[in-house]
Structure formats: C-alpha cells, structure tokens
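Peer 1: There's a structure below that I have some questions on.
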C-alpha cells in the first residue's frame, strides 16, 4: 500500500487527488496538510468525503511527511511549491508536484513567465515531466515529478506524433476552451456564478504561461499560437489544433503508436471527441479532419482538466513510480451524462 | 467474480451500471442486450467506455443470460420490464430490476398509475424492494430485487425514522427538484437544451407515479404531497420535506440509527445538504431545521439520482445478494466540483 | 420625460434599471451615483451599455440629485438605504427604494430581522409598498415607494386573492427556488461558478427576512412556511405553494380579478408556469392543480427576480407615480430561449 | 407603422422577431403563418408572449400577406425559403429572408453546399446581403434582403476592415463557439439537455455551409479556415480569429471606420469581448491582441446569435428599408447577468 501525503489540501487539485486515491486499491491518503485549514477535519473542508475519511488537516512538517509517507503530492498555487518541494527533497521524500514550478527546464524562462526568481533551480534537472506517453521509461525511477499543465496535455498529446511529419513553418494554432474549475477555487468577479454562467471569453492571449511549457515538450520544433478560452461549465478542455501541412501526413499511421496507450483514445478521421465522454476520467480523446481545400489538418482533443489534466495523470505517475500497473485506480469511464 | 448481464443497454441507467461495474473489484459485465442496438459495439453506443470494454450489444436471450450470468440487471422503460423479468425468473435467473414494474405490491395500484395491467402479478410477492436501510436482512436471499425510484429514496430515507414520532395528521409536503437525467434519454421538446437551460418547472403535480410507492414504503402511515420539479442541471435530487409536528421530535436521536449506514450521512441540525456533495455517489445526505415559530420540521435530503437513486443502490443490492461487503465498488466521494 | 437618478450604480438591481430605462420612451437616466465607482464612466462598470450611455458615476449629493432628477431610485444593500432615503426625502425628492429598508411597517420587526435599529422610522408610514396589484390607487401620489422583495412578489401575487377563501388554519408552504443573481454581485464561496454549477441547495430555512414582509402584505391572515432554495441558473424564481383547504375554493373565479392586470398572467388549472417564459420580463405567471386526494391546492408562480421582482416593478411604480401608462417601457415578452 | 408578416412562426428566429417587433415603436406584427401550427393562437406556440399578442397562426397565403403587410420576414429552414420568397416577390411583396437561400450569389455554390438545386436563381442578383456595415447604401431600396448567417456576421465584421492590410497568404483561422439556440428548435440526440450540458464539441469541420458565404463577403480576398464549436449555453457566439500578418497592421486606425456604426463596439487592443455583454442585443463587440512573438494578430468578436446574428440585424435592415432611424427598437443593452 502506497502511503500518500498531500500538501495543500483545500484546492481543487487536492480534492480530486483525495477522491481518486480514496478509491485506489493500492494507495491510501495518510496525511493532508494545509496552513489555512490546519486543525480542521478534512470532511469539513470537503464535505463530499463524509464517511470516507477521518483525516484532519495538519500544518506542514517535513519530518512528519518523511516519516509517514512514501510519496507526497504538492498541490499549492504557482510559485508556492518551490519551497515545499525543496524541503521535502532535502529529506529525500519522493514528490509529485501538480503545480508549474518544476515544469520549465530553464530558470530564466520560469522567471520571465512567473515573475519570480526560481529558488530551487538545482532541482529542475532532477524533475521528470510527468507525461507517461513521453517519459514512461524514466518515471519509474523518478524522485520528483512535475505534473504537466492541463492545457499542455491536451496539446502535446495530439501533436507529439506529428513532429517529424511535413509541417509548414508557421505557428500551429491551438484554440482551447476550459471549464471554470481550471481557474481554481479562488474567488474573482469573472467567475462569480451570474457573471460566468451563459458566458464565454478568451483570456491571456499571447501571454499564457503554458505556452513555453508546450513548446519545450515539443522539443521546440514548432511554435504554438495558444488561444485559451473559458466557457460556462465546470470540467473539461476541448482543444482544436489547426496545423498547416507542407505535404501529405499519414495521421492514422502516426497515431498508431497510441494503440497501446491505456489513456489515449484515437477516434479516427472525421470522429470528433467531446468533453462529456472524458468527464471524470484520465483519458485524452483525439480525432481529426484533413481539409483538402485549405491544406490544413484540424485535430481536436478532449480531456478532463482535473483528472486527465491533473490528479489522474498524477496518480498514473505514482503508479509508475511504485511499479504498479499504471492504470490502477484509474480504470473508469466518463460520467456522461 | 459476479458475472453481470444488463438488459436494455442504451439508457442512462444501464450506462451508469456499466460505469460502476467496470470499476467494481468483484463484478464484471459479461453480456449487454438491446433490441435497438443489437450488433453494435457497446463503445459505439456509449463512447465514454472506449478502451474499457469490448462487449457488443446482443439481442435478448434468456438462455444466453441464464448460461453466462450470475445476475441480470433489467434497465428498460416502465411497463416494459415485466416481460423480461418473467422470462428470466422462469429460468431461475436472479434479477435486479431498476424500473418500477415490481415496486408496488398491489397490482391494482400498478394498473391505476401505470395505465396497464400487470402481467406478472405472481412475482410481486417475491420481489424485494431494494432499499438496504429497510430490507438489508432479506436482500441477501433475494432472487428478484425492485430497485426503488429515485425520488422515493430521497423521501423515504429521511422520513422512515420519524414514523413513530408525534406527527400532525396532515400530508407531509415533499418538494423535490431533479436534474434532467432523471427524465431519461428520450427526446422531448421540454428537454431540448435551449428549452430547459436556465429554466425551472414543476410537473405531474398531484399525479406522479412515485407517490404510491413512497406511501407504501412508509407503511401507509403518512400521506405525502409530492411536488416534483426539474431544474437546469444534469444530476441530483434535492428534496425539502415540510413535516407538521404534533409534539417534540428528537430528530437527532431518531437519526442515530443511521450512524452505521455506510451511505446515509446525517449532517445534523442546521446543516443542509447540497446536490454537489453527493454527485456521482451512492450517498443520501440529510439535514434539518426545526421552525419553532410555525411548528414545522423542515428536512432536506440530497442524492445523485443516477447513482444513489438508481445504479449505485442497485450495485449495493447486488453486493448484498452475493454476500460481498455492501460498499464494494461504491466507496468514492462526490465529484465536486 | 422623467429625469431619473440612480443611487448605487454598480449592483445588479441598478444595472437592470439602467437597461430598462435606457429603452423607456418617457424616461432618461440623468445621474448615477456610486461611492466605489465615483469618477468612472458607467460603461466601464457595466460594459453591456457601450454606445448607449455616456454617464459617469458621481459621488452621492442630495443637492445635485434634487436639482437634476424628478425621481431617484435607491439601489444599495439592506440597511444602507435608510440614510440615503432620509436625506433625499428631507430635500423633498421622490424616491423609489429597491432595497428592504422601508418595506416592513413595524420598526421592531425591522430591527429583529435586519439586526439594526431603523434610523428613519418616521418615513415608514409615508412609504408605499410598491406592489401595483395591491396599491395602484395610492402609488400615483406616492413620494416614497418601497419596492417589494423578489420572493414576496412571487408569493403574495398568487395568495392575495385567496385570503377570504376557506383555508385550513396551518401555515401555507412556500417552496421557492431562485437563480443566483438574486444573491447579488458580492463574491462568496457558495456562488463561485464551480461551486454552484450543477448544484441545488436550500438556505435560510425558518429564518429568511422575506417571511415577515410576506405575512404583513397578506394582512397577517395566514402564516407562511417559506423555504428558499437556489439553483444553477442566473434569473428567475419559481414558487410552489401548498395550500391546505378547508372547503371548496373557486380558484378560477378568485383569479378573475387579474384579467385586467397587465403583468399577471393566469394560465389556468393544470397549466404550470416556467421560469423561461418570464425571463427578462415584468410578468408574474400563475397556474395550479387541486389535489383531491390530499385536499391541498398546489399553486405555482414564476417571475424574473431582476425584472418582475425588482427593476421592472420599480419602473411600473415610476410610471404610476408620473401618470404614465403603467406598461410603458415594459411591454416585451420573455427572452426564451 | 410598418405592417409586418412572418412566415414560419414556430422557430427561434421567428420567436425572436416577434419579441423585438412587439417592442418596436414603428412596426407591428400583423400576420404570422405556419403550416404546422395553423389555427393555433401564437401565444400557445410561444407562451412567452401571453398578454402581448392576440394573433393566430395562419396558413401561408401570398394574397393575404400582400394585402396586409408592408414587409414579410421569411423564417423557415434552409432550402425551404426559396419557394416562399419566389411567390412573395412575384406578388411584389418586400421580403427579408432570415435563412440562407439567398445569401450565396452563385447558384452552383449553393447547390454544392445545400445539396439541392436553387429554384429561384433569378432572384439572387436582386437579393441584398443584409449586412448594414457593408450594404447600408443599398438596403434602403432593397426589395429582397438575405439576412447574413450568424457565424459570418461575427467573422466578416472584424475582418472586413483588414482586407487591404498586409496579410500573409495563408488561411485565416476562425475558431467560433456558439450557444445551442443556433442549432434551432428541432430535437436531436446531441442537443438533448443531459447530452449537451457540461459538454463542448466541434462539428462540421472543413464542411460548414457558412464558409463560402464568409469568403464571398470578404470579396474572396482571403481563405478562411472556419472551425465551428458548440458549448453548453443558449445564446451567443464568440469568434477568435488568428490572422497571420505580413507587415505591420494599424488595427486601431482600420477599425476607426466603426466609430459611427451604431452596433459595432470596438473595445481596443488588449480588451476582449465576452458573450454576456452582448446577450439579447444587436451589438458586435471587437477586441484584439497583437502577438509579436508569433507574428499573428488575434482578434476576438462577440455577438448574440439570435439578435445581432439574426432577428436584430433583420430589424435593422427593415428600419433602413423603410427610411427609419436604423437603431429604432434596437437601443438596449446586454441582459447581463
């Protein structure tokens, strides 16, 4: 049984980790920490877990976590995990960070996009980008995993197999739309229910922090014009990629590599994914259409931002780290409707 | 491993059964039947289950089901399951019927409310009303289980412990609101997205078929004014009960009997349940307020109509029938957000 | 042309007043005041009014309002309008207050429910409760109008004609559900989009401030068990009334008095209103079912909480005060879908 | 007073026309026709208009329409309006067609995209594309107006001023998302509430009928990769355009031409429109960001598909045809929240 600790118990990422690990046959949450909720029963913070857990939120303590846990998930806001992760790694605790602090390999790029100096640049090399389709072979020995961003997963997964195909030398357009849970639990005027219900908007155009992460994981072979949007629903990302081709691309063939991937479902040409079919799951669904008139290949992908885009893929990484079947605790279909 | 068959594979009830049983550690779906989808891969009918099942929909066959299954869930519309259940019981197959055909003990009442003669009245005595809080002791030997209606579960669960308390002799008012999945998969003008979005309406006032079922299971000790509504969301029932008291009612004490119920969560006085905290789960949450000014006790309950109100409680019944821990495959928290 | 001032420009009530009066043929908004937004163009606060207004938010000034306006709408939170209204009335400005400060006639009752001393009890007698179906005859000479609460309008309108009918001497049950705009613009955990989407909950049971207002306007002839709920949508209140009868009630006949009411639509027995049909309008729709089995009369009403429940009825009052046709600027159908 | 007839009274387009014209100070709906609803009161078809209209649906009759109406709006499905329009034009009735039959100038292109022969090609030359920003000068003498498609309005309006700017010679990417009302009133599995709620999907990629219309109205100077999506809400289109530049584009300057347009609101660089601010209105809001890193100009536009995208712009055309101020009956702000 893997003994799991979670740092930062109150956010949506942690809530989802608790949900998944509670139902996981080979892992247990044994400690949760939170500064703001220290002393409160976890059930008070997340009433959804009544009768499922008796944990109480603790203040952060490296010693306690090192003693009680086989692995610690860090689930705190951007730029806040560096300190926790450093402390935990110094005590040789295995860490899975669901935030962005250890995703970018270049501390300069981090500083530019997160407006703060990286305080643990030495750990960047050690950190494994937690995308099993790319890094399965090294995740089993990883001691520090940086779980990818939700948008990047929906963009890298469909694009990675195409990198050696004949692509025109212009940016790929990635229009994504996310449910509001992606913006987290913090209150804001924009996400007050009456302000966001029945609304759609674009945001952070030309400036979203996930852009350098996406390009890094595509080996900087392509430039990506990432246009993020939010829509009036809770969960799920749909990404539509417009890829300008410079020759025929054997899409079917290139995606054949995903046949054995447990959580990538290639639907095929003319079959388009929908957010509902991945709701609550770890799947990334992919479909496409080749537009012969324009010479563009249009690819659509769908993930659940909180599971396949955060907590689910984090659990998959944990499974790999501990030598378990990577699908353990994640073998369920979309909650649709 | 319990080998499960499902008759009527295309509806929401069946879809949810497949979702739960796929993740159940001691049960497998081995056959699904559907007349309309016979020959189609189940994944084509329910794309949410891609990479999780390779089943194909079969035409109904008692022989096949009897041979391959330990238990068969019948998930067809009202008045349609009588025939399937009769045939299966004649072949001594254990059956869990998620429809209403075997809930009412009195075939006359059935005829009155369902506008059709009951064709298997002989089986009504055999059928066990599948509400574990009431019938746990007989579910382990049941051969035919009638899974309760979703509204009734949300009403009977909070009211049953109060039946011997001092209640005024007037109908209890049960105002319920359900998500639209409760109306099933059939298309109708009312539930076309733009017609139901941002809308709320009452329906079937003074005429809902669940009324006699509720009163039967409350031993006909109280009359219930059941006012059903639907709102612009997919899952979940919230029921608000206005109970006129005729003396002091020790609510806390009466609900103490639920302390050991795995799927009833008594939140306490002044703590009101919300649909989100039971989403996707088998829980029934209960809270209340005593209004001293009016002399009314107001009780609120929340369930997920497709899980705690249908497929989840059906799986709980299956667990009991097969001697498993009744919580098997159902130990997960609400998907909130 | 009626020259209108609005005090408290940033909330939903004011926003809706601006929307309605902008399209009103005989009224113009000439001043808006707001402490928090003073100096800002109104369009910056409410981008929906781009190209429709060039007003700038001003700090509150009795002198300016008295000079420029024929009538001032006060749209500030509960307990905050007393001071503004006193100042304006001292300068003999006509006032329409959309908040609750001048609704209750008894300052003791006000203190009990609003937890603060009433600072202008002398004005309570002068204030006319702005419900045209009840007070049309005095609204034309009113100098201070207290616009009713949204829930009370949905409850008083259907109940008022029944007060002399044979009713049992027990509380009428009023189960209401409102869209989230009713909770206003202030941020709260409960109404953060991912927390409220796909959710339903009851709140303030046995304790809602609208209860004494409802009973006062029903001449304290009946007691009302008011059970308020919120659901996952923006606008509209649906109220279901369970009225215990003590004899036959000629509902059709009693509602005949509404035939000439421009904004009450009596749909008839067995015809139930829906929120969507009143969306964005000043209408109150009413339908009912007599349940002979239980002896209860079930009445359902629907209004738009921001129009028929706030800004629309306020404009209707203004029309009456200024001798205009009361339907001016309010003659439009529901925005459905 | 303009006397208006509407052919095809039951759909969403007609419903919205009735809503707008009922509130229009210089126009009245005098006849509505519908084959399926002939003989029914319009209020029965659209309960939102109770107490606002006493019209009854009539069977279609050229003679009656010619006699009673100054202008007839035709609001029937694609390929169905050709016959109605021909008959009405033969009787010299002025027609505003809100469907697509008279938008494409080339009958071959029509045939290719609508899979049917155009039966009134002679009228294509006469038809004026009803986009005031482009054709205001000829709309005042038009006898047949083809109201633009909703997506095209959201794409042509922001792109038209850029046609002579330095654009790269590759397709402009137009990713649009629409509310479900855009799909009309016909039932389908995809738009059943529980199937579409909390869902997003792309559809008709590389094959949407609006593509040739968009390119025609952009003088075939650019190719457009139109990627349409639908999201879980009722009204509104948000379009994100990725425009590859081949030199500096003075966007501000080019959009200056819209300063006097009553229904185009240019928000400026870095200010992005949202669907909520145009809800229920005739406005098209536009904002943009220049991404220097990629060399792409990203433009976002928002309209209400049923008003600014259909019925509102149709009324604006009617105003122009009859020499009225074009803003008559359309001067209202967005219903937000």
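Since every read-out is calculated from the coordinates, none of them should be taken as a lab result. Given the structure is predicted, the values throughout are model-derived calculations rather than measurements. FYI the Cβ positions are ideal-geometry reconstructions off the backbone, even for glycines, and counts take in every protein chain you see.
Peer 1: In Å, what is the Rg of the alpha-carbon atoms in the stretch B:288-332, and how long is Dmax?
Peer 2: 16.3, 49
Peer 1: Here is a further query. Would you mind telling me the antiparallel percentage of the DSSP bridges in chain B, rounded to 5?
Peer 2: Antiparallel: roughly 45 percent of the beta bridges in chain B.
Peer 1: May I ask you to sort B:61, C:301 by Cβ crowding, counting other Cβ atoms within 10 Å and putting the fewest first?
Peer 2: Listing B:61, C:301 from fewest to most nearby Cβ atoms yields B:61, C:301.
Peer 1: Can you tell me what the convex hull of the Cα atoms of the stretch C:206-272 projects to on average, as an area in nm²?
Peer 2: 6.5
Peer 1: Can you give the three extents of the C-alpha atoms in the stretch B:170-219 along their principal axes, from longest to shortest, in whole Å?
Peer 2: 41, 20, 15
Peer 1: Additional query: Between residue C:327 and residue C:190, what's the calculated FRET efficiency when r is the beta-carbon distance and R0 is 41 Å? Round to 0.05.
Peer 2: In this case the efficiency is close to 0.65.
Peer 1: From the label point of residue A:106, set 7 Å from Cα along Cα→Cβ, how far away are the matching label points in the other copies, in nm, ordered shortest to longest?
Peer 2: The projected label point of residue A:106 is separated from its counterparts by 4.6, 7.4, 7.9 nm.
Peer 1: Quick one: what does P(r) look like for chain C with 10 Å bins over all Cα pairs, in whole %?
Peer 2: Going out from 0 Å in 10 Å bins, chain C shows 6, 26, 35, 24, 8, 1, 0 percent.
Peer 1: Quick one: divide the alpha-carbon radius of gyration of the stretch D:259-313 by 2.2 N^0.38 Å and tell me what you get.
Peer 2: Cα-based Rg divided by the globular estimate yields 1.23.
Peer 1: Here's a follow-up. Calculate how steeply helix D:12-22 sits against the longest principal axis of the alpha-carbon atoms of chain D, using the helix alpha-carbon long axis, and give the answer as 0 to 90 degrees to the nearest 10.
Peer 2: With both axes taken from Cα atoms, the answer is about 70 degrees.
Peer 1: Moving on to the next point. Can I get the semi-axes of the stretch C:1-89's equivalent ellipsoid? Compute them from the C-alpha gyration tensor as square roots of 5 times the eigenvalues, in angstrom, largest first.
Peer 2: Calculated on Cα positions only, the semi-axes equal 19, 15, 12 Å.
Peer 1: Continuing with the same structure: Out of all DSSP beta bridges with both ends in the protein assembly as shown, state the antiparallel percent to the nearest 5.
Peer 2: The antiparallel proportion sits near 45 percent.
Peer 1: Same structure, new question: Taking the alpha-carbon set of the stretch B:35-83, what are its Rg and Dmax in Å?
Peer 2: 12.3, 34
Peer 1: Here is a further query. How do A:185, D:221 rank when sorted from fewest to most other Cβ atoms within 10 Å of their own Cβ?
Peer 2: The most exposed by this proxy come first: D:221, A:185.
Peer 1: Then there's this: Hey, got the average number of other protein chain Cβ atoms within 10 angstrom for residues in B:182-189?
Peer 2: The mean count of partner-chain Cβ atoms within 10 Å per residue comes to 3.
Peer 1: Can you show me the helix-derived [θ] at 222 nm for chain B, built from DSSP H runs with n ≥ 4 at -39,500 (n - 2.57) apiece and divided by the number of residues, rounded to the nearest 500.
Peer 2: That comes out to -6500 deg cm²/dmol.
Peer 1: Going by how many other beta carbons lie within 10 Å of each one, how would you line up C:213, C:126, A:117, B:92, fewest first?
Peer 2: B:92, A:117, C:126, C:213
Peer 1: Who wins for biggest fluctuation among B:96, B:180, B:303 in a Gaussian network model of chain B, springs between alpha carbons below 10 Å?
Peer 2: B:180
Peer 1: Could you work out, residue by residue across D:302-315, how many beta carbons of other chains sit within 10 Å of that residue's beta carbon, and then give the average as an integer?
Peer 2: Per-residue shielding by partner chains comes out at 1.
Peer 1: Same structure again: Against the 2.2 N^0.38 Å scaling, with N counting residues, where does the stretch B:1-52 land? I'd like the Cα-based Rg ratio to two decimal places.
Peer 2: Compactness ratio reported: 1.05.
Peer 1: What average number of partner chain Cβ atoms lie no more than 10 Å from the Cβ of the residues making up D:167-179?
Peer 2: Counting Cβ atoms of other protein chains within 10 Å of each residue's Cβ and averaging gives 4.
Peer 1: Another one. Just the ratio, please: alpha-carbon radius of gyration of the stretch A:124-202 over 2.2 N^0.38 Å, N its number of residues.
Peer 2: 1.50
Peer 1: I've got another one for you. In degrees between 0 and 90, to the nearest 10, how far off the longest principal axis of chain B does helix B:312-321 point, with axes built from Cα atoms?
Peer 2: Between the helix axis and the principal axis of chain B, the angle is about 70 degrees.
Peer 1: Next question. Compute and list, largest first, the equivalent-ellipsoid semi-axes of the stretch A:108-158 from the alpha carbon gyration tensor, each √(5λ) rounded to a whole angstrom.
Peer 2: Each semi-axis is the square root of five times an eigenvalue, giving 21, 17, 7 Å.
Peer 1: Roughly what angle does helix B:150-159 make with the longest principal axis of chain B, taking Cα atoms, 0 to 90 degrees, to the nearest 10?
Peer 2: 40
Peer 1: Over chain D, what is the relative contact order in percent, taking alpha-carbon pairs closer than 8 angstrom and at least six residues apart?
Peer 2: Dividing the mean separation by the residue count of chain D yields 17 percent.
Peer 1: What does DSSP give for the stretch C:1-98 in terms of the percent of beta bridges that are antiparallel, rounded to the nearest 5?
Peer 2: Expressed as a percentage, antiparallel bridges in the stretch C:1-98 total about 5.
Peer 1: GNM on chain C, C-alpha springs below 10 Å: top fluctuator among C:192, C:113, C:208?
Peer 2: It is C:192.
Peer 1: Distances in nm, one decimal, shortest first, from residue C:59 to the same residue in every other copy, taking the label point 7 angstrom along Cα→Cβ.
Peer 2: 4.5, 7.2, 8.5
Peer 1: How large are Rg and Dmax for the stretch D:225-337 when only the alpha carbon atoms are used, in Å?
Peer 2: Reported Rg and Dmax, both Å: 15.4, 49.
Peer 1: Calculate the spin-label point distance for residue B:246 paired with residue A:35, positioning each point 7 Å from the Cα along the beta-carbon direction, and give it in nanometres.
Peer 2: Modelled inter-label distance: 5.9 nm.
Peer 1: Select from C:170, C:286, C:156 the residue whose mean-square fluctuation is largest in a Gaussian network model of chain C (Cα-Cα springs shorter than 10 Å).
Peer 2: The residue with the greatest mean-square fluctuation here is C:170.
Peer 1: Quickly work out the residue B:136-to-residue A:141 label distance, labels modelled 7 Å from Cα along the C-beta direction, and quote it in nm with one decimal.
Peer 2: 5.1
Peer 1: On to the next question. Express the Stokes-Einstein translational diffusion coefficient of the stretch B:51-188 in µm² s⁻¹, to the nearest whole number, given a Kirkwood radius over alpha-carbon pairs, 20 °C and a viscosity of 1.002 mPa s.
Peer 2: For the chosen part, D equals 125 µm²/s.
Peer 1: So the label point sits 7 Å from Cα along the Cα-to-Cβ vector; using that for residue D:83, what distances do you get to the other copies, in nanometres, sorted shortest first?
Peer 2: Taking the point 7 Å beyond Cα along Cα→Cβ, the inter-copy spacings are 3.9, 7.0, 7.5 nm.
Peer 1: Two decimals is fine: what's Rg over Rh for the protein assembly as shown, C-alpha atoms, Kirkwood radius as Rh?
Peer 2: Checking Rg against Rh, the ratio lands at 0.96.
Peer 1: Here's a follow-up. Treat each spin label as a single point 7 Å out from the Cα along the C-beta direction, and report the residue B:220 to residue B:169 distance in nm.
Peer 2: 1.7
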